[in-house]
Every structure is written in C-alpha cells, then in structure tokens.
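Notes to accompany the following structure.
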Amino acid sequence: MASYETLLVEQRGAVTLITLNRPQALNALNSRILADMIAATAAFDADESQGCAVITGSEKAFAAGADIKEMQSQGFADMYSHDFFAGWERVTATRKPIIAAVAGYALGGGCEVAMMCDFILAADTAKFGQPEVKLAVTPGMGGSQRLTRAVGKAKAMEMVLTGRMMDAEEAERAGLVSRVVPAADLIEEAVKTAATIASMAPLAALANKEMVNAAFETGLAMGIQFERRLFHGLFGTEDQKEGMAAFIEKRPGKWTGK
Ligand code: CAA
C-alpha cells in the first residue's frame, strides 16, 4: 500500500482507516494533506477489497482547520487563480461510504472535512466550530453550506458569526453527529460501524449513499423519483436476487458486487 507524508493509512479487513498525521500542527490542513487525502481516498475507492473508510485524527484534534500559516500571505489573485480548496471536491467525489471519527478539535476546515464525510461519529471530547470569522475570513471548504443543512440556520448562523464551539453533546442534539461514544472507544466503534457497512452488497451501499446525498441537491419530487429509479435499477443485480433469497432461506447473503 502507498505511504503518505501526512497520513497513516491501514486496512482492517474491508475497512480503510485514514489517520490525519500532522500532530505538530494539530492536523492543520495544508496542501500536502490535501494531496495525500485525494490520493488516499481515490486508492480506497478503486480497491475492490475495501467497502468503507474511516477518517480520523488524534485524541487532541481531528483537525484544527486549514493551515493558517500557509494561507496568511496569499492574495486574492493567488487564491482565485488556484481555486484554493477546490481540490477537496475530489475527496467528496469518493463513491464508497466514509465515516468521520472525531475526537478533540474539529475547527474550520477540520469541521468541514468531517462534514464532507457521509456521517460523523464523535468522541465525548469532540468540539466543532467554524471560527474563521475571528481571522477576518469565512469558511471556505463548504462549512457555511453543510453546517446550515446539518443544524439549521439559527445554530449555523450563531456559530459562524461568533466562532463559538459546540461540544459533542450539543452536536448530537443538533443533528451534526450521528452518535457520541466514549473517547477510548471511538476508533473501535467507528471501525465496527464501517465493517457493518462494508459487509453490505457493494452496489446497494453506493446507491444508498448516492440517494441520501441527492436529498441535498434536488427538490422532493425529483429526489423521490431519483430514489425510485435507483431502487428499480438494483433489481437488475445478482446481489438483489441473492439478498432476498438469503432472507427467505434464513442465511447470510453472499455478495458478488454484480
Ligand atoms: N493552522 C496552522 N497551524 C495551527 C492551526 C491552524 N489552523 N491550529 C493550530 N496550529 C498550530 C499552532 O500554531 C501551534 O504551532 P506552534 O507550536 O508552532 O506555535 C500548534 O498547532 C499547537 O497549537 P496551539 O499551541 O494553539 O494549541 P492549543 O491547545 O493552545 O489551542 C486550538 C488549540 C484552540 C485548536 C488553537 O490551536 C486554535 O485556535 N487553532 C486555530 C483554529 C482556527 O482558527 N481554525 C480555522 C482555520 S481557517 C480555516 O479553516 C478556513 C476554512 O474554511 C477552510
């Protein structure tokens, strides 16, 4: 498997565990991390032995934001001509499911990367925030859009305007995270959840992810039609026949991914 300067990547069965590894900067997201993340998520997506990924950081910080030291001297022309941060769209283009396992700080770009994942499992130590306003800027990796969709206007607006952090319990109440677990259990719980997802028929996993994401891009009628067509489409797969036969025969399904 490839090795990366700023990431640790390991496979645990059908689960790829990607650990952000720039501890000296609390995993601040610089161009190197972005390049490594693009490569690691593309490799995960292309590897047929892998069904779900977990992205995590350290106990202290999932990631404390985009790298302020890298951005500080940039001007508008640099940022605009390089379409700074656009590369993260390649990470969100990953078709297989990805879970964010967040302990400690997930601030600015860190919160945004967590929200790029399909759902967030939080340790009870997690802290989420979009503090860019304190640096005289705004979120730039999707935070104003994804946070608002996740927690609604009132809370998102308060968070981006004040820069205050949300703890794990508040984040769960607000719908930003799917579950809170004790910090000591975070990785085990995330990998276990990912293994459950990876054990499903691969095309059904892709289709379920695609469908929920469509809810954020389309109106209700179009979204429901999209769902129904994709549902119909799965009846053209071997795994649908196998899945339903396995249920009737009271045995586990065996998937071919076809
Ligand atoms: N960029 C670059 N370096 C960072 C960083 C960041 N976002 N966050 C932390 N670091 C560095 C610190 O500069 C420090 O390095 P040195 O030892 O060389 O000084 C090291 O990581 C440890 O950080 P602290 O000493 O600050 O640790 P702390 O425990 O006292 O505080 C913290 C932790 C509250 C998270 C604090 O580090 C902090 O506020 N970080 C910045 C948070 C932030 O503003 N994030 C938003 C960035 S902008 C952005 O993300 C734009 C976007 O939309 C994508």
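The values are calculated or read from the model by the stated rules, or taken from the named source; none is laboratory data. Quick caveat, the model's predicted, so the values are computed rather than measured. FYI the Cβ positions are ideal-geometry reconstructions off the backbone, even for glycines, and counts take in every protein chain you see. Each accessible area value is taken on the protein alone, full model and side chains, heavy atoms only, with ligands, DNA and RNA left out. Shrake-Rupley method; radii C 1.70, N 1.55, O 1.52, S 1.80 Å.
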Let me know the longest stretch in the chain that avoids all GluC sites (Glu not before Pro) found in a DSSP loop with at most 11 other C-beta atoms within 10 Å.
49-216
Normalised per residue, the volume inside the convex hull of the alpha-carbon atoms of the stretch 135-245 in Å³ amounts to 150 Å³
Longer than 30 Å from Cα to Cα, which of Lys209/Lys250; Lys69/Lys192; Lys69/Lys209; Lys192/Lys241 are they? Say none if no pair is.
Lys69/Lys192; Lys69/Lys209
DSSP loop trypsin sites (Lys or Arg not before Pro) in the stretch 64-100 with at most 15 other Cβ atoms within 10 Å of their Cβ, which ones?
Arg95
GNM result for the chain, Cα springs below 10 Å: residue of Ile18, Ile224, Ile33 fluctuating most strongly:
Ile224
With the convex hull built on the Cα atoms of the stretch 28-169, state its orientation-averaged projected area in nm².
8.6 nm²
Which residues does the label zone of Leu234 cover in the stretch 198-222, counting backbone N under 17 Å from a point 7 Å along Cα→Cβ?
198-215
If the reach is capped at under 13 angstrom between alpha carbons, list the aspartates and glutamates near Lys254, excluding any in the same chain fewer than eight residues apart.
Glu238, Asp239, Glu242
At a 1.4 Å probe, what is the % contribution of carbon and sulfur to the accessible area of the chain?
58 percent
Where in the chain lies the longest segment free of chymotrypsin sites (Phe, Trp or Tyr not before Pro) that are both loop residues by DSSP (not H, G, I, E, B) and have at most 15 other Cβ atoms within 10 Å?
1-215
Give me the distance between the Cα centres of the stretch 88-160 and the stretch 27-56, rounded to whole Å.
17 Å
